[in-house]
Amino acid sequence: MKFQFTKEREAKLPNIFAKYPTKRAAMLPILWLVQEQEGWISEEAMQVVAAKLELAPGAVQEVVSFYTMFNRKPLGQHHIQVCNNFCCRLRGADWLVDYVKQKTGCKVGETSSDGRFHLSTVECLASCGTAPMMQINNDYYENLTPEKVDKILKDLT
Amino acid sequence: MTFVLTKNCEVQNMPQLEVARKHGAYASLEKLFARQPKDIIEEVKTSGLRGRGGAGFPTGMKWSFVPQNTGKPIYLVVNADESEPGTFKDRFLLERDPHLLIEGIIAASYAIGSHTAYVYFRGEFYRQWELFEKACAEARAAGLIGKNILGKGYDLEIYAHRGAGAYICGEETALLSSLEGGRGYPRIKPPFPAIEGLFACPTIVNNVETICAVPYIVREGGAGYRKFGTEKSSGTKLFSVCGHVKKPGVYEVPLGTPFKSFFKDYCGGTNGRPLKAVIVGGSSVPVLTAEQVMTMTLDYEAAQIAGTLLGSGGMIIVDDSVCAVEALADLARFYAHESCGQCTPCREGTGWSKKILDRLEAGRGEDSDISLLLQLADNMGGKTICTFADALAMPIRSWIKCFRTEFEDHLRLKTCPMKIGTLNSIRSS
Ligand SMILES: Cc1cc2nc3c(=O)[nH]c(=O)nc-3n(C[C@H](O)[C@H](O)[C@H](O)COP(=O)(O)O)c2cc1C
Ligand code: SF4
């Protein structure tokens, strides 16, 4: 499928370029714009970005693959990232991973069959004092208990 | 805890400019612009402020390395990548007082002769980034950012930039590679960023907390800042405390505060079980036993004497329910996952360490494993492009040194002797 920025997002590009002395430096902000629009970054989108940055498509691919937050395939509607770093584990993160698996029906690294959830485990999200915690899309959920998790998942649309 | 950094962190709606101004935000700017940039650098040198990102390099000295005559632009880059396990103190400042950071950026940029500052946020800090953008917009509308700030003839643009998930991008040269639009690969130093950094121009990279201390120094002078702390470790420092502790959180204390009273008075002690070990400065620094840490004061020299580093101030409290081998295996997993892979000793060393520690913990270790781990640590330390590899070498050496018998017990018994007390079983108890 061909990729195209929406009019609104296309209009943001000049402002992004104006922040940097080189076109290439706009790479991450523009990739974020793609992911915000599509939920992931396709090969076609990378080609469009490469053209905007005046780079070879390979230069964009190597960047996309380096960063863990850029999705190279569509994930579920809600991306749930449970921290299972050492510090979170000290405060009981292990039950959280198991619990979220059970509640969403996803294994780690998988999307639920209805496409609503995608589950990942991640390393430290700078929330060690309020562990156990998870990030869903752009938001942090901290000091979690099973009851809180139930409510959070229920409230997601 | 009313000191330099967190004075207004409990104020409701502090991120709004109007509220911030009522609490004294931007009050340092009159004093700032009344003085020459080089005098501000001198003031920061006098203050004794050291970088709060981990390495503790004297800030004023770093600023004085910037060549002023190259004809190239000079950049200030603020490191808001905060990804070191156990560390969540920059986030505290970003969420509660973004105008303090902006005020610090104006002062630091003015001092080093920069007209463009970038703040590099870790990708996960979406809300913090959004809040900062909003604060910048308000400050810009009020004439605090942009052309001819407060009519003083000084121009400054501040741009917020988001990373996309990679621990290594907190290392300053990796951060610059990432900001330039590439993979986050660290670069060989020299050249140091102060000489040749972002877009091959002179660049100062400073941590969020470091920059947030600057407005106070401008207002009260370097000597005023020295009222806090010790001779060699002046000022205050944030510690983010986590793990088996009654009151986890972020605390600002004068450097030189005894750990023992800090732990009791601020943190409320452990959750009830005996203290086993403390990592005082983020996952990368050597661990200390309970006995070692109890006699230590929280400052750079005392940390060194105790055999560790203050690092980022990410303090991890570990009680006696934790198995040392499993703890180290968990830490190794992080480093194996986050190595950027450029240097063989780091890529291979972190991966092997994790494998060996996993088999030791599972009771399938081999007799030579302990010495193999120490050998791997020696191979990783100091032989790589950046100090990431040392950040696992130090924990390996220190955990084995502090808790060697536990490692030996795993070999002898062919199982984890603390099965009942491992991380896995605490959570179900
Ligand atoms: C592997 C690694 C990760 C780092 N991560 C961070 C970080 O997340 N935040 C930070 O401020 N400094 C980090 N640093 C330190 C930076 O390289 C740099 O020294 C610091 O940002 C300089 O600022 P300061 O002098 O104000 O401390 C890291 C260093 C290494 C080797
Ligand atoms: S030491 Fe490790 S993280 Fe640093 S550049 Fe080498 S491979 Fe990358």
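Below, the figures for the structure above:
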| read-out | value |
| --- | --- |
| Chain A - mean residue ellipticity at 222 nm from DSSP helices (-39,500 (n - 2.57) per run, n ≥ 4, rounded to 500) | -13500 deg cm²/dmol |
| Per-residue mean of C-beta atoms belonging to partner chains within 10 Å, peptide B:79-87 | 4 |
| Tensor-based shape of segment B:17-225 (alpha-carbon gyration tensor, a/c under 1.5 rounded, otherwise prolate or oblate) | rounded |
| With Cα atoms, 0 to 90° folded angle of helix B:324-338 axis to chain B main axis | 50 degrees |
| Global geometry of the protein assembly as shown, whether rounded, prolate or oblate, following the gyration tensor of its Cα atoms and the 1.5 cut on a/c | oblate |
| Built amide H within the under 5 Å cut-off of B:V205, gap 5+ | B:V77 |
| 222 nm mean residue ellipticity, helices alone, for chain B (DSSP H n ≥ 4; -39,500 (n - 2.57); rounded to 500) | -12500 deg cm²/dmol |
| Neighbourhood charge, 14 Å Cβ-Cβ cut-off, centred on B:K247 and excluding it, Lys, Arg +1 and Asp, Glu -1 | +2 |
| Residue mean of other protein chain beta carbons inside 10 Å, B:318-330 | 2 |
| Summed residue charge, Cβ within 11 Å of B:F192's Cβ, Lys/Arg positive, Asp/Glu negative | +1 |
| Among B:A377, B:A135, B:A34: highest mean-square fluctuation, GNM of chain B, C-alpha pairs under 10 Å | B:A34 |
| Exposure proxy order (Cβ contacts within 10 Å, fewest to most) of B:T415, B:T210 | B:T415, B:T210 |
| Stretch gain in nm, segment B:K7-B:K419, where the contour uses 0.36 nm per residue and the Cα spacing is subtracted | 143.8 nm |
| Sparsely packed GluC sites (Glu not before Pro) within segment B:213-275, loop by DSSP, other Cβ within 10 Å at most 15 | B:E231 |
| Debye intensity ratio in log₁₀ form over the Cα atoms of segment A:7-66, taken at each q of 0.17, 0.20, 0.21 Å⁻¹ | -0.50, -0.70, -0.77 |
| Candidates A:P74, A:P21, A:P132, ranked by Gaussian network fluctuation over chain A, Cα under 10 Å, top entry | A:P21 |
| Nonlocal amide H pairs with A:N85, under 5 Å, H built at 1.01 Å | A:C124 |
| Counted charge near B:G268, where neighbours are those whose Cβ lies closer than 9 Å (Asp, Glu -1; Lys, Arg +1) | +2 |
| Label-point gap, in nm, between A:K19 and B:Q304 - each point 7 angstrom along Cα→Cβ | 3.9 nm |
| Part-to-part distance (alpha-carbon centres) for segment B:223-284 and segment B:1-79, which is given in Å | 23 Å |
| Other protein chain Cβ atoms within 10 Å, averaged over every residue that makes up A:24-31 | 5 |
| Segment B:R412-B:T289, extension gain: residue separation times 0.36 nm, minus the distance between their alpha carbons | 42.0 nm |
| Global form of segment B:236-319, assessed from the alpha-carbon gyration tensor, a/c cut-off 1.5 | rounded |
| Sparse-neighbour loop sites [trypsin sites (Lys or Arg not before Pro); segment B:325-383; at most 14 other C-beta within 10 Å; DSSP] | B:R364 |
| Per DSSP, loop trypsin sites (Lys or Arg not before Pro) in segment B:168-249 with at most 15 further Cβ within 10 Å | B:K227, B:K232, B:K246 |
| Residues B:V119, B:V218, sorted so that the one with the fewest Cβ neighbours within 10 Å comes first | B:V119, B:V218 |
| Cα-based Kirkwood hydrodynamic radius, chain B, one decimal, Å | 22.4 Å |
| Per-residue ³J(HN,Hα) for segment B:183-191, Karplus 6.51 cos²θ - 1.76 cosθ + 1.60, θ = phi - 60°, Hz, x for Gly and Pro | 5, x, 9, x, 10, 5, 10, x, x |
| HN-Hα J in Hz across segment B:381-391 - Karplus 6.51, -1.76, 1.60, θ = phi - 60°, x for Gly and Pro | x, x, 10, 9, 5, 10, 8, 4, 5, 4, 5 |
| Least to most buried among A:V48, B:V214, B:V77 (fewest other Cβ within 10 Å first) | A:V48, B:V77, B:V214 |
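Each reported figure results from applying straightforward, stated rules to the coordinates on display, with no laboratory input. What you are looking at is a predicted structure, and each value in this text was computed from that prediction instead of being measured. Every residue, glycine as well, gets a Cβ built from its backbone with ideal geometry; the counts of neighbours run over all protein chains shown.
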